[in-house]
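Each reported figure results from applying straightforward, stated rules to the coordinates on display, with no laboratory input. Quick caveat: nothing in here was measured; it's all calculated off a predicted structure. Here Cβ is always computed from backbone atoms with ideal geometry, including for glycine, and neighbour counts include all displayed protein chains.
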Amino acid sequence: MRRMMQIVDATPDRFDLRIFLEAYSSAVRSFGEEVPPAWVEERIRGISEGKEFCLGIAHGEELEGILSYSFRDRRGYSFICWRSDEVDREGLLLLIREYANRSPQGTKLRISGFHPNVSQELMSSVSEGLGFRTRRRFEMVVPLDASVDQLEASTQYPTAPITRFDDLTLSRLDWEAYQGTEDSSLLFDSEEDNRKLMKSLLSGDYGPILADASLCILREGRPGGMIAVTDMGDSSFLADIAVASDLRRRGIGKYLLTNAMKMSRRMKKEKMVLWVSEGNMGALSLYRSMGFSVSRTGVFYLKSE
């Protein structure tokens, strides 16, 4: 006989959430992403204090799966984790539906692409049936071999290291450049939060900035384009590239990327790595023309109420 399922508010005082949170953080790390050491404790504290929330599918007093979520600035952020790979489709559907039902009107909902023990096929099928849209991002890699030395690109604009400018100046350029693009949904909803992200980047949270590879294109002494490249050991990571909308189609992106690849090679980096959304056709075309190829694909799910 099938056991009765029920949706519950899963709180740390009633259920052991640690096993799910640790499984999720391990899945993220196995994909090559960074997870802060205190991440699990921060989630438990946030749920205990009512700043974050957790839904569970329970059979009696035992949790089978969770959906942890939070709301900020008209956006909902969530992730899913199951105890085992014996995932109940109806239970998964109930969790995602309840998450959508609890969201304030006008909220843009997001579900992470990491969902331990839940297959990609099942996750996409259930979430798309509830109105979510599957979004894919590609990790792309290019070897920094001798062919990089043959790359050529020039610009009529003066340049300066991005380290010459503060996080406010750079975040404003970054924010404005991405508005209305396929990747705008990946940014925070406010300029202030975007500034925090830029400050984190410049402070080395994504690896030390490679100064010679990270430049700004200047227009009347102010940045009109920028590229930020960080040190990831044997590789360099293209953390951000942005060009003001009125300066596009002038070869600025190609120049910035060419310089970044050459400087990375001079610093003995073996490859350059980046992430790009599948719908960002202009960027994909540029990267492919520079020798980048897709190494893996990540997904997440979006829904606008």
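Would you kindly state how much longer the chain becomes between E86 and S289 on full extension, computed as 0.36 nm times their sequence separation minus their alpha carbon distance, in nm to one decimal?
Using 0.36 nm per residue and subtracting the Cα-Cα distance, I get 68.7 nm.
Got a sec? Charge dipole of the chain, +1 on Cβ for Lys and Arg, -1 for Asp and Glu; which of G106, S235, L63 is way out at the positive end?
Farthest along the dipole direction, towards plus: S235.
Are there any trypsin sites (Lys or Arg not before Pro) in the range 1-73 that are in a DSSP loop and have at most 15 other Cβ atoms within 10 Å? List them by number.
Of the trypsin sites (Lys or Arg not before Pro), the ones in loops of the range 1-73 whose Cβ has at most 15 other Cβ atoms within 10 Å are R2, R3, R14, K51.
Each residue of the range 251-259 in turn: what ³J(HN,Hα) in whole Hz from Karplus with 6.51, -1.76, 1.60 and θ = phi - 60°, glycine and Pro shown as x?
With coefficients 6.51, -1.76 and 1.60, one gets x, 5, x, 5, 5, 4, 5, 4, 4 Hz.
What FRET efficiency, computed as 1/(1 + (r/R0)^6) with R0 = 22 Å and r the Cβ-Cβ distance, is obtained for R133 and M281, rounded to the nearest 0.05?
That gives a FRET efficiency of 0.80.
Going by how many other Cβ atoms sit within 10 Å of their own, how do E86, E278 line up, fewest first?
Starting with the residue having the fewest Cβ neighbours, the order is E86, E278.
Ordered by residue, what ³J(HN,Hα) values in Hz, to whole numbers, does the range 62-74 give under the Karplus form 6.51 cos²θ - 1.76 cosθ + 1.60, where θ = phi - 60° and Gly and Pro are x?
Per residue, the Karplus-derived 3J(HN,Hα) values read 10, 7, 9, x, 9, 10, 9, 8, 8, 10, 7, 6, 6 Hz.
Compute the separation of the alpha-carbon centres of the range 248-265 and the range 1-72 and state it in Å as a whole number.
Answer, in whole Å: 43.
Counting other C-beta atoms within 10 Å, which of S293, S78, S236 has the fewest, and how do the rest follow?
S293, S78, S236
Nearest 5 is fine: what % of DSSP beta bridges in the chain come out antiparallel, could you say?
Of all bridge pairs located within the chain, approximately 85 percent are antiparallel.
Using the Cα centre of the chain as the reference point, and only Cβ charges (+1 on K/R, -1 on D/E), how large is the resulting charge dipole? Debye, rounded to the nearest 20.
That gives a dipole near 840 debye.
In debye, nearest 20, what is the charge dipole magnitude of the range 172-305 about its Cα centre with +1 on Lys and Arg Cβ and -1 on Asp and Glu Cβ, if you could check?
740
With a/c under 1.5 counting as rounded, go ahead and sort the range 139-297 into rounded, prolate or oblate using the C-alpha gyration tensor (a ≥ b ≥ c being the square roots of the eigenvalues; past the cut-off, prolate if a/b is larger than b/c, else oblate).
rounded
Relative contact order for the chain using alpha-carbon pairs under 8 Å, separation at least 6, rounded to a whole percent?
Rounded, it is 20 percent for the chain.
Please get the size of the charge dipole for the range 6-131, origin at its Cα centre, with Cβ charges of +1 on Lys and Arg and -1 on Asp and Glu, quoted in debye to the nearest 20.
620
Please compute the length gained on full extension between R97 and T11, using 0.36 nm multiplied by the number of residues separating them and subtracting their Cα-Cα distance.
Length gained between R97 and T11: 29.0 nm.
Scan around M272 for amide H atoms under 5 Å from its own, H built in the peptide plane at 1.01 Å from N, and keep only partners 5 or more places away or cross-chain.
Residues meeting the criterion, in which the H sits 1.01 Å from N, are V142, L144, S236.
If each Cα of the range 121-202 is one equal point scatterer, what is log10 of I(q)/I(0) from the Debye formula at q = 0.11, 0.19 Å⁻¹?
-0.56, -1.05
Is the C-alpha gyration tensor of the range 6-131 telling us rounded, prolate or oblate? Criteria: a/c under 1.5 is rounded; beyond that, a/b larger than b/c is prolate, otherwise oblate.
Cα axes put the range 6-131 in the rounded bin.
For a quick check: with amide H placed at 1.01 Å from N, whose amide H comes under 5 Å from L109's, ignoring anything fewer than 5 positions away on the same chain?
Residues meeting the amide H criterion: G76, K303, S304, E305.
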